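Reviewing the structure listed below.
The values are calculated or read from the model by the stated rules, or taken from the named source; none is laboratory data. The model shown is predicted, which means the values in this text are computed figures rather than measured ones. Cβ coordinates were reconstructed from backbone atoms using ideal geometry, including for glycine residues, and neighbour counts include every protein chain displayed. The accessibility values were calculated without ligands, DNA or RNA, using every heavy atom of the protein model including side chains. Shrake-Rupley method; radii C 1.70, N 1.55, O 1.52, S 1.80 Å.
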Number of protein chains: 2
Amino acid sequence: MKRIAIQGIIGSFHDMAAHLYFEGEQIQLVCCATFEEVFEHMKQDPTMIGMTAIENTIAGSLLHNYELLRSSGATVVGEYKLHISHCICCLPDDSWDTITEVHSHPVALMQCRQFLAQHPNIKNVEGEDTAGSAKDIKEHQHHGWAAICSAEAAKLYGLKILEDHIEDNKHNFTRFLVTCQPQKADFLRPLEKANKASLVFSLPHEEGSLSQVLSILSFYKINLTKIQSLPVIGHEWEYLFYVDVTYNSLTRYRQAVDAIMPLTKELTVLGEYREN
Amino acid sequence: MKRIAIQGIIGSFHDMAAHLYFEGEQIQLVCCATFEEVFEHMKQDPTMIGMTAIENTIAGSLLHNYELLRSSGATVVGEYKLHISHCICCLPDDSWDTITEVHSHPVALMQCRQFLAQHPNIKNVEGEDTAGSAKDIKEHQHHGWAAICSAEAAKLYGLKILEDHIEDNKHNFTRFLVTCQPQKADFLRPLEKANKASLVFSLPHEEGSLSQVLSILSFYKINLTKIQSLPVIGHEWEYLFYVDVTYNSLTRYRQAVDAIMPLTKELTVLGEYREN
């Protein structure tokens, strides 16, 4: 039985992503309050697998999770892209007329901003988790409160759905990374099946330095699927680049990494995995 | 007198950025509830200038504002990088013992997450604005509520600062863009003083397509200061790239844009301006 540390509780999007990624396998969730806790579990227990949201088509990259991943030493062994749809739900005897507060994760509140703008009198309150907000309403019988979460979570916690699919943009996907300690990576994904890698490196603020690195990747027929530059905090003139690449040949990919190494600083392979 | 549309109210970080950018000039703020409203003002009134946060060293890019800028037809004529420091404040007769809720903009709440985690019993409530949360507490005499905002805003609205500099990361900068209708751009920044440009283009999901574009920029001695890829919503295999470049020669820069044009789709120059 695989044990998967997630941020959030049963019914959260992390739970859904974990069950869909490991479909057909026996898994046990270890629910954590924070992403720090997820990485802490992996550090303490080499058999623990982590499932972590890393970017969303609307909200963009979760920079904090990139930083946790980079500093944790954990490695990426898989990814899962989950379609995100939100509902607004409340206790069965509440209704639109009685709701005064809506609770959810800040990102979920943001993703329903246009919808919530139609209800300016309802206070938007940040919670740690989408499903957690639903559970809290049920457990403490919070009359007058609504939660934003998946319809699955609303049903799980016995809440009434006031309206489903309330996200502003229907093309709302979150990408999750499956991570573990490096020594366990081979058990979770055969390296020969991997065709995607996540890299991070820094570059001096010199003309053309990124173009050189990307040209080399291109010469080796390595394809870029994502790039994000971030200033290195405390080093005004240095940039950190998070790059996702796909490849057909593991050998060619490894050669390409070797070839760009001397042109970069602190190049780290965050993981090699199968594209979802 | 210049009129500047900002998101937020007097005392907000947008207000601070506008006054610092236009230091020594007479300006009049037009306070808007949303970024949409800022761009709508510019559309309706060709003399209106907009001031819009576009990225933050901790929270990352404000993707929604990039999209508003791209679709509005407004042009960027300047930038300002503001150091962001938050305080937590309340009515003078409140104290840590009596505070049950803290109100602020979601990004400000996020930037003080570690600090707020030390006070788990205080409910985090999203407001539209940092200074707006302070003003609201003062005007409605909300006992038991605290706001997160700049120390300037706390003083402006007569609140007591419980603790200053509560942001988790002291290297917290927000970059603001100054925008207007294209026909007014020359009045706001002489083009010969500009040395930076913001571009957006899409590329087919083909091996090396980005590397070709960046190589050409490098051949023309155009320097990249930021790059961010985003999936084009509804077109799974196309990517949108937001790129900031700096240059020494306007002619060389213009030639470089002409040279990459045929390799890109929907290349738009979002503006040319002086680097801050």
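A few notes on this one:
- Qualifying residue in the range B:51-71 (condition: more than 23 Å from A:Ile58 (Cα to Cα), in contact with a strand residue (DSSP E or B) (Cβ under 8 Å, 6 or more places away or on another chain) and among the acidic types (Asp, Glu)): no
- Note on the range B:201-210: residues that are polar (S, T, N, Q) and within 8 Å of chain A (Cβ to nearest Cβ) amount to 0.
- Options A:His171, A:His165; residue that is within 12 Å of another protein chain (Cβ to nearest Cβ) and not β-branched (Val, Ile, Thr): A:His171
- Out of A:Val269, A:Val213, one residue alone is within 10 Å of chain B (Cβ to nearest Cβ) and among the β-branched types (Val, Ile, Thr). It is A:Val213.
- Residues in the range A:28-74 that are open to solvent by 30 Å² or more (accessible area, probe 1.4 Å), under 19 Å from A:Gln183 (Cβ atoms) and in a loop (DSSP other than H, G, I, E, B): A:Asp45, A:Pro46, A:Thr47, A:Gly73.
- Residue match in the range A:182-193 (condition: assigned to a loop (DSSP other than H, G, I, E, B), more than 12 Å from chain B (Cβ to nearest Cβ), more than 23 Å from B:Tyr239 (Cα to Cα) and not hydroxyl-bearing (Ser, Thr, Tyr)): yes
- Number of the exception - A:Gln141 against (1) within 20 Å of A:Ile54 (Cα to Cα); (2) assigned to a loop (DSSP other than H, G, I, E, B): (1)
- Considering (1) in a helix (DSSP H, G or I); (2) open to solvent by less than 70 Å² (accessible area, probe 1.4 Å); (3) at pLDDT below 95; (4) not acidic (Asp, Glu), the lone condition that A:Ala153 does not fulfil carries the number (3).
A quick yes/no check of all residues on (1) open to solvent by 30 Å² or more (accessible area, probe 1.4 Å); (2) closer than 23 Å to A:Leu82 by Cα; (3) not assigned by TED's automatic domain parsing to the domain that holds A:Met110:
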| residue | (1), (2), (3) |
| --- | --- |
| A:Thr179 | no, yes, yes |
| A:Val200 | no, no, yes |
| A:Ile222 | no, no, yes |
| A:Thr225 | no, yes, yes |
| A:Ser229 | no, no, yes |
| A:Phe241 | no, no, yes |
| A:Asn248 | yes, no, yes |
| A:Ile260 | no, no, yes |
| A:Leu270 | no, yes, yes |
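- Residue within the range A:75-94 that is within 14 Å of the chain's Cα centre (by Cα), outside any strand (DSSP E or B) and of a type outside the set (Phe, Trp, Tyr) present: yes
- Residue pairs whose Cβ atoms lie under 6 Å apart, sitting 6 or more positions apart in sequence or on different chains, and linking a residue in the range B:47-75 that is within 9 Å of another protein chain (Cβ to nearest Cβ) to a partner that is assigned to a helix (DSSP H, G or I), are B:Ile58/B:Gln111; B:Ala59/B:Val107; B:Gly60/A:Leu63.
- Condition met for B:Asn124 (in a strand (DSSP E or B), open to solvent by less than 70 Å² (accessible area, probe 1.4 Å), over 18 Å from B:Cys31 (Cβ atoms) and among the polar types (S, T, N, Q)): yes
- A:His19 meets each of the listed conditions (1) more than 26 Å from A:Asp186 (Cβ to Cβ); (2) surrounded by fewer than 17 Cβ atoms within 10 Å (Cβ to Cβ); (3) not hydroxyl-bearing (Ser, Thr, Tyr) apart from (1).
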